[in-house]
Amino acid sequence: MVANLGFGALVIAFLIALYGIVAAVVGVLRKIPAWVDSARNAMLLTFPLLTLSALSLIYLLVEGHYEVEYVASVTSNSMPLYLKITALWGGQAGSLVFWTWLMSAFASAVTLRRWDRDREFLPWVIVVAMVTLAFFLGLVLFVENPFARIWQLPQGQAVQAMFQPSGSVLFMQPDGRGLNPLLRHPGMVIHPPLLYLGFVSFVMPYAFAIASLVTGRVDDRWIRLTRRWTLVAWLFLSLGLLLGGRWAYDVLGWGGYWGWDPVEIAAFMPWLTGTAFLHSVMIQEKQGMLKHWNMVLVILTYDLVIFGTFLTRSGVLSSVHAFAQSAIGPLFFGFIGLTFVISLALLLHRWNELKAETQMSSMLSREALFLLNNLLFMGILVVCFWGVIFPLISELVSGQKVTVGPPFYERATAPLFAGLLLLMGIAPLAAWGRSSIQTLGRAAWKPALGTPLAVGGLFLAGVRQPAALIGFGLVAFTATVTLYEFWRGALARHRRAGEGLPLALWRLASRNRRRYGGYIIHLGVILMAIGIIGIEVFQTETQGTIAQGEQIKLGSYTIGYDSLAVFDTKDGRNVARAVVSVYKNGRYVGELHPRRDYYYESQQPMTIPGVRSTWEDDFYVLLVDWQPVSTEGATFKVYHNPLVNWLWIGGLVFILGTLVAAWPEGEHDLAVVHVRRRGYSTVEA
Amino acid sequence: MGRFRLVILICLILAACTSAGVRAQVSGPSGPTDDQVNAIAKQLYCPVCESIPLDVCGTQACAQWRELIRQKLAEGWSEGQIKQYFVDQYGDRVLATPPAHGLNWLVYLVPPLAILAGAFLLYQALRAWKRPTAQEVVGESPGTPPDEYIARLEEELNKRI
Amino acid sequence: MNLDTTDVPLPGAPAHLRPRWGRILAWIGVLGLLTILALGLLRTQRGPATVGDLVPDFTLTTFDGQEIKMSDLRGKVVVLNFWASWCKPCEQEAADLEAAWQFYRPRGDVVFLGVDYVDTEPEAKAYLEKFSITYPNGPDLGTRISQAFRLSGVPETYFVDQNGILQFVQIGPFQSLPEIKAVIEPLLNP
């Protein structure tokens, strides 16, 4: 009954979405505002309907209605409650329902703002949002229905269907198959929703861009309207990527945080264009330039989101992340084709009207450097995109299957990332509009002093790897420049307003949230760079099989195998938990508990590391089950990851910076002043 | 009597040799370490499961392949020889990056070419924008210094959108 | 006065106008990408080698060093079984396949071939020993044969008639000897 309710809500939402598209188009083409208002109401109505649908599905999951195939595939009796709820996005069908719920939430939020000044955008924003919503709802209704139940036909076979086939009975299963063990981790609980939030919220800037192209209002109004949306979307996407990396590090058991897997890259690509867009948008706002380019970036971001979703779910590329294959592929392909072609056509149609308002006067001005920044981001995008697409091309053209793996991506993107790090340090020193080698040099030489100091210091300390020396040198330069910006601003406030330095810093950031939020984000990136250089260049590992009482040595660390406990748990797994003592330079520093979990239902093992984290490094011990684990011989794999925690700390600073940049500025009151016949009055701010 | 003792001595020596041989096989101190196996397995990808490097893959098939690496190392094969053997047996996809022949050259050439093309376009665009134009300055407003109050007003209004 | 300024650059204006080559390049890029994706999708939608088609030719080098070319086996019914030593379901059908081979061997017009899919030689040979398999088996070097048949997993068995046409595909293990015979019988010459 509940399943029928949920399904019914989906059907009605789908029909309403279709109605909304038609009403909006007719309303705007025939200039009938009432129809556009009706379309707006339709969009608002989809949200409660989809909430109802999602709640129904959650109810079925929590109550264990295993006659519903989706419930049986992602839950089981032994799962705890919170996992049953999050199983909503554990499988293809449920995650699509979740996606549509988010889409309707955001679309409604956009619809609820005041539209007086931008009436002409509204119908087209509705159209784009509703078309996307209708597409995903269509996928759910016709291909991946989470409410479909299993029926047993008179002949004995089991069949999946929404409505009861004649003569059949409901096939009640006593238990479900349970969520994939890899997904049963707190990080995994939040990672998909955050990514989906990021993906879905990027639809809004795209909708406004399309509205702007269609209506011909190609000034930067659409950018101002979506500025905060873009930042928030980017925040969610960044958070999703960071958490994904943290989860991989914690749970997947290979001592790393990013595997350059095609699905990871599919989520990374919109982030790249999104970041490029956030930077180049500043040029359009300041100088009225780059209108074409900003359109291209926003369209690319949305298209990459859809493309990434297609790659993950269609089975065109196989990957550890990918959902199981189904008929979704061709439908998705149709949608991609439609969006790519229409976006390009609209853009080319309005190309000439996107005229720049100013000229740029110097190759070294901040605009030029921002453009260079964009070039580098596009370069990384090209590397990622080509690496993902090439195996497909190779197989189609020559029949040869190839793997494009981490060494390709790392070698190709390292110089580009280094370039970005350098630019992050130079751009704040360049002025808008004009800059020359002299002015830039004068501004840069003092911070640049930090670099030879840092590099020299490292060299003396024994560091010889060029990657580390260059990397840390760049980090020193950029950190100095960024901190100097804060210092300079706070000092100016201190001198002018007499504020103490801490207060000056606070006021500085809160009065110029975008700028100083941006600088905080840059600081976050610098910290992350430190962590990444540490683990990528200096990671060491070893593996060995030892008996109880024996030891393994790695660098200045030693571990001793103390004991082993093997037991079954309530939630259906067999756990082998080893106790190892850790010694650093001979001194005892603690105990770690690496374990191997074996899930009976899915017959899948998982290795959870024992990790000792400090500011300077992580000591990471895995219980590897190459051979059966026992007290006579257990195989341990040990990683030493220097500086890796700065990656996570940097991530937190990054998120903090984004929040600062996105935080709404306090609305100052506008005072109304009567204008006299002669002269003007100022408006109080 | 002397011959009998000689025979016993020879038997004892033979026994000592063979038992020493058995001990050597069982303890194998010169066998390749896990680290040596991992160093090569790290660079190879599981031929069956997608996108998982051979040193972390947990399936039985992967365990067999790692044993194969260990065996080849014990026989004295070099890293290059072992990787070539894997390619011959299982195809190009076991390598972490496509071997550079034939169509695969595109993998390595396209990104740098695309970036260079992008840099060239950027340079052209920057040069075009730099061209000073009297007409443009007259036609558009930002060239002329705007009235201070109007500028502040615009700024405040823009903030409220 | 001609107000159409679409293709005439304004004096001093930057080159934002639609250059022909730019437009063409953009469309080629988008349509090219869509074509690649479409072809990729089609490929995933295709199942194993199609029944009714001519079977792809290949040469199998057995573990004993013998070279067997598929096209040389015209005139005989060929049973081509893909297996691996690490594949548990393959063990279910191994004994039945060998029994079927022994049954049809005296006739002389049925050939059983085993293709070892991404396996290691010592374990493969141990598997053959374990099930006393006597028909020819060899490794699928470079996964060329399995790719030609668009193999999606193991075990899979392909039945080819005397003219080299694929007649039947079995995905997954056979459950019994009669099941195997039931597939072969219709293909035999009387």
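The values are calculated or read from the model by the stated rules, or taken from the named source; none is laboratory data. Note that this is a predicted model, so its numbers are computed, not measured. Reconstructed Cβ throughout: ideal geometry from the backbone, glycine too, with neighbour counts over all protein chains shown. Just the protein is used for accessible areas: all its heavy atoms, side chains included, with ligands, DNA and RNA removed. Shrake-Rupley method; radii C 1.70, N 1.55, O 1.52, S 1.80 Å.
Can B:GLY80 be described as more than 12 Å from chain A (Cβ to nearest Cβ), loosely packed, with under 13 Cβ neighbours inside 10 Å and not in a helix (DSSP H, G or I)? For B:GLY80, the condition - more than 12 Å from chain A (Cβ to nearest Cβ), loosely packed, with under 13 Cβ neighbours inside 10 Å and not in a helix (DSSP H, G or I) - is not met. Please verify whether A:LEU225 is out of contact with any strand residue (DSSP E or B) (no Cβ under 9 Å at 6 or more places or on another chain) and open to solvent by 10 Å² or more (accessible area, probe 1.4 Å), treating the condition exactly as stated. Taking the combined requirement at face value, the residue satisfies it. Inside region A:417-438, residues that are surrounded by fewer than 16 Cβ atoms within 10 Å (Cβ to Cβ) and not hydrophobic (A, V, I, L, M, F, W, C) make up a count of 4.
Of the residues making up region A:503-525, those that are over 27 Å from A:LEU453 (Cβ atoms) and either open to solvent by 50 Å² or more (accessible area, probe 1.4 Å) or of a type outside the set (A, V, I, L, M, F, W, C) (or both) are A:LEU503, A:TRP506, A:ARG507, A:SER510, A:ARG511, A:ASN512, A:ARG513, A:ARG514, A:ARG515, A:GLY517.
Residue check: A:VAL660 meets all listed conditions (1) within 30 Å of A:ARG507 (Cβ to Cβ); (2) within 14 Å of chain B (Cβ to nearest Cβ) but one, namely (2).
Here A:LEU55, A:LEU139, A:LEU50 are screened, and the one residue that is part of a helix (DSSP H, G or I), within 29 Å of A:ALA158 (Cα to Cα) and open to solvent by less than 10 Å² (accessible area, probe 1.4 Å) is A:LEU139. Here the helices (runs of 4 or more DSSP H) wholly within region A:64-123 that include at least 1 residues being open to solvent by 10 Å² or more (accessible area, probe 1.4 Å), among the polar types (S, T, N, Q) and touching a Gly at 6+ places or on another chain (Cβ under 6 Å) are A:69-74.
Among the criteria (1) open to solvent by 10 Å² or more (accessible area, probe 1.4 Å); (2) modelled with pLDDT under 90; (3) closer than 30 Å to A:LEU421 by Cβ, the one A:SER365 does not fulfil is (1). Among the residues of region A:547-560, those that are assigned to a strand (DSSP E or B) and within 39 Å of the chain's Cα centre (by Cα) comprise A:ILE552, A:LYS553, A:LEU554, A:TYR557, A:THR558, A:ILE559. If I ask for residues that are more than 9 Å from every other protein chain (Cβ to nearest Cβ) and in contact with a Leu (Cβ under 7 Å, 6 or more places away or on another chain), which ones from region C:18-49 would you list? Answer for region C:18-49, where residues must be more than 9 Å from every other protein chain (Cβ to nearest Cβ) and in contact with a Leu (Cβ under 7 Å, 6 or more places away or on another chain): C:PRO48, C:ALA49. Considering region A:172-189, and only residues there that are open to solvent by 70 Å² or more (accessible area, probe 1.4 Å) and in contact (Cβ under 8 Å) with a residue 24 or more places away in the chain, the residue that is nearest to A:VAL74 (Cα to Cα) turns out to be A:ARG177.
Being part of a helix (DSSP H, G or I) and closer than 15 Å to A:TRP89 by Cα is a condition met by no residue of region A:144-160.
Does B:PRO47 satisfy the condition of being under 22 Å from C:PRO139 (Cα atoms) and either at pLDDT 80 or above or part of a loop (DSSP other than H, G, I, E, B) (or both)? In short, yes. Going by the conditions given, is A:ARG246 within 14 Å of another protein chain (Cβ to nearest Cβ) and in contact (Cβ under 8 Å) with a residue 40 or more places away in the chain? Considered against the rule, which asks whether it is within 14 Å of another protein chain (Cβ to nearest Cβ) and in contact (Cβ under 8 Å) with a residue 40 or more places away in the chain, A:ARG246 comes out as no. Being open to solvent by 30 Å² or more (accessible area, probe 1.4 Å) and among the aromatic types (Phe, Trp, Tyr) is a condition met by at least one residue of region A:454-467. Counting the residues of region A:250-280 that are open to solvent by less than 10 Å² (accessible area, probe 1.4 Å), modelled with pLDDT under 90 and more than 11 Å from chain B (Cβ to nearest Cβ) gives 2.
One line per residue, one yes/no per condition, for (1) under 27 Å from A:ASN77 (Cα atoms); (2) more than 33 Å from the chain's Cα centre (by Cα); (3) buried (at least 18 other Cβ atoms within 10 Å of the Cβ):
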| position | (1), (2), (3) |
| --- | --- |
| A:VAL580 | no, yes, yes |
| A:VAL589 | no, yes, no |
| A:MET606 | yes, no, yes |
| A:THR614 | no, no, no |
| A:VAL621 | no, no, yes |
| A:VAL638 | no, no, yes |
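Flag set for A:GLY544, criterion: part of a strand (DSSP E or B) and surrounded by 18 or more Cβ atoms within 10 Å (Cβ to Cβ).
Picking from residues in region C:100-146 that are of a type in the set (Phe, Trp, Tyr) and within 14 Å of another protein chain (Cβ to nearest Cβ), the one that is least open to solvent (accessible area, probe 1.4 Å) is C:TYR127. The numbered conditions (1) part of a helix (DSSP H, G or I); (2) on the phi > 0 side of the Ramachandran plot are all true for A:PHE268 except (2). When we screen C:PHE168, C:PHE112 for residues that are within 30 Å of A:LEU396 (Cβ to Cβ), in contact with a helix residue (DSSP H, G or I) (Cβ under 6 Å, 6 or more places away or on another chain) and not in a loop (DSSP other than H, G, I, E, B), the only hit is C:PHE168. Just one of the numbered conditions (1) part of a helix (DSSP H, G or I); (2) among the β-branched types (Val, Ile, Thr); (3) within 9 Å of chain B (Cβ to nearest Cβ) is not true of A:VAL402: (1). Taking every residue in region A:367-393 that is closer than 30 Å to B:ASP92 by Cβ and more than 7 Å from every other protein chain (Cβ to nearest Cβ) and pairing it with any residue that is open to solvent by 10 Å² or more (accessible area, probe 1.4 Å) and polar (S, T, N, Q), at least 6 positions away or on another chain, the pairs with Cβ-Cβ distances below 8 Å are A:PRO391/A:THR403.
In region C:61-78, the residues that are over 17 Å from C:ASP140 (Cβ atoms) form Cβ pairs under 8 Å with partners that are part of a helix (DSSP H, G or I) and not β-branched (Val, Ile, Thr), at six or more places apart or across chains, as follows: C:VAL77/C:LEU187.
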